Amino acid sequence: MQLQYFLILAAALFCIGIYGLINSRNAVRVLMSVELMLNAVNLNLMAFSNYLDPVEVKGQVFTVFVIAIAAAEAAVGLAIVLAIYRNRDTVDMEQFNLLKW
Amino acid sequence: MNLAEGVQLVSLGLLSFMMIGAALGVVLLTNVVYSAFLLGGTFISAAGIYLLLNADFVATAQILIYVGAVNVLIIFAIMLVNKRQDFAPMPKAWIRKAATAVVCVGLFILLSTMVLTTPWAFSSAVGVGNGAIVEIGKHFFTDYLLPFELASVLLLMALVGAVILARREFLPEESDLTGQQPVLTLPERPRELVGAAPGSPDRTITSSPSDQNK
């Protein structure tokens, strides 16, 4: 059980999240990719908390904060997706160019 | 390697396989409903890995909040938004996919090299183990009190903001009838007046604000 295994696993999850964030056409899938990236960060924090700071578990405290903020982000993000869907009648990210040009 | 370490290693391998597989499914599958359920699998695998890292409270919170709240919210959003349409094909979409894949693989290699070459300062102290929840509580109410309160305010703001953003603001069929929105009234769905006396039919008629301004 090494710290490096967890860190490499978190790095792989983060890279998958970035790939999905950029390449998804569905807006809900973009939000799911953001959740994947937040989970990768949580995994890093937990691994550091266990291996480098096992007495004062500050990494777990930060993980709880990140979980709370991820919940808020999911609620607001999905509300924005619903609002845009009502305006544009699609969830295609390529057609969300309200602020683009 | 004794038995406990072997069991931990096998568990870590299984959970990593589940996690990476489910995450790849989230990103690569075409049906977004499958992606949502595989996202739940990713969250559950992450909770198992937290258990391997001696953090039972955070694993429980992960399952409660991510699987119970965020994933259900995402599935609800898919049900509200899911329109059976094929996206218009983009020319040269493969360039973006290839470039992103190259960047992601490069970033992964960079991060792995950094992880493997850094001399980590491992702590040799005995961990708190199951007493982690007590430590987390102490941190919340002593040195992390301000972020704790700010998180509660943030959650309240997110609640109000989500309600305001997702509220249906106007009725499309009514805007088609009237042609213009009435001035100085909040366009909302007309409500039926409940509790009106049965002898007064004029109060039971639903009146929309656009009718009043004519």
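Here, each number is a calculation from the coordinates, and none is a lab measurement. Just so it is clear, the model here is predicted, and its values are computed rather than measured. Heads up, the Cβs are rebuilt from the backbone with ideal geometry, glycines too, and the neighbour counts pull from every protein chain shown.
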*How far is helix A:27-51 tilted off the main Cα axis of chain A, in degrees rounded to 10, range 0 to 90?*
10 degrees
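Report the Stokes-Einstein translational diffusion coefficient (µm² s⁻¹, integer) for the stretch B:2-126, Rh taken as the Kirkwood radius over Cα pairs, at 10 °C with viscosity 1.306 mPa s.
Details: Rh = 17.6 Å.
Diffusion coefficient, whole number: 90 µm²/s.
For B:Leu159 and B:Asp86 in one chain, what is 0.36 nm times their gap in residues minus the Cα-Cα distance, to one decimal in nm? Mind dumping the intermediate values first?
Numbers: separation 73, 0.36 × 73 = 26.28 nm, distance 3.26 nm.
So the extension gain works out to 23.0 nm.
How do B:Ile74, B:Ile95, A:Ile8, A:Ile67 line up, fewest other C-beta atoms within 10 Å first? Provide the component values of the computation, followed by the final result.
Values: B:Ile74 25, B:Ile95 10, A:Ile8 17, A:Ile67 21.
Ascending Cβ contact count within 10 Å gives the list B:Ile95, A:Ile8, A:Ile67, B:Ile74.
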*Name the shape class, rounded, prolate or oblate, that the alpha-carbon gyration tensor gives for chain A, where a ≥ b ≥ c are the square roots of its eigenvalues, rounded holds for a/c under 1.5, and otherwise prolate holds if a/b is larger than b/c and oblate otherwise.*
prolate
*So how far apart, in nm, are the two label points at B:Leu150 and B:Phe37 if each is 7 Å from Cα heading toward Cβ?*
4.1 nm
*Quick one: B:Cys104, A:Cys15, fewest Cβ neighbours within 10 Å first, how do they rank?*
B:Cys104, A:Cys15
*What angle, in degrees between 0 and 90 and rounded to the nearest 10, separates the Cα long axis of helix A:58-88 from the longest principal axis of the Cα atoms of chain A?*
10 degrees
*Using R₀ = 25 Å, calculate the FRET efficiency as 1/(1 + (r/R₀)^6) where r is the Cβ-Cβ separation of B:Leu14 and B:Arg96; round to 0.05.*
0.15
